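Since the structure comes first, as structure tokens, the remarks are kept for the end.
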Amino acid sequence: MSIFKFLQKRVEEQIQEAMDRGAFENLRGKGKPLNLQEDQHIPTELRMAHRILKNANIPPEEVLLARGVNGLREQLLNDPDLPPEKKIEIRRKIALMDLELQMKLEQFRKSYCGL
């Protein structure tokens, strides 16, 4: 028996065991059709990884960067007592994070959107 067939058989056994235990009974969305168009903007080869991260509530790196930039901007706006050197440091961080974000978005556009 090839390793592939062995692994396939073992995975099928584990799924069946989980089904017998009722592990899939209370899943979110049970009985509803899958939304296969949800990840339409994600390249085919990245969809599985994207879905795994999404199901684990781990946002894409671009989202984390954007949140970080927005948080730093809010800090600048909402804290009038920041010392000038701290403001400069925060502005530098914003510039670097914003540049990184723009580069990642541009790389994504070129690689997967054909732009």
**Message:** If I filter segment 40-48 for residues that are on the phi > 0 side of the Ramachandran plot and free of Cβ contacts under 8 Å to residues at least 40 places away in the same chain, do I get at least one hit?
**Reply:** no
**Fill in**
Matching residues in segment 85-101 (at pLDDT 90 or above, under 30 Å from Q40 (Cα atoms) and in contact with a helix residue (DSSP H, G or I) (Cβ under 9 Å, 6 or more places away or on another chain)) number 3
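The values are calculated or read from the model by the stated rules, or taken from the named source; none is laboratory data. Source: prediction; values computed, not measured. Quick reminder, even Gly has a Cβ in these numbers, built from the backbone with ideal geometry, and neighbours come from all protein chains shown.
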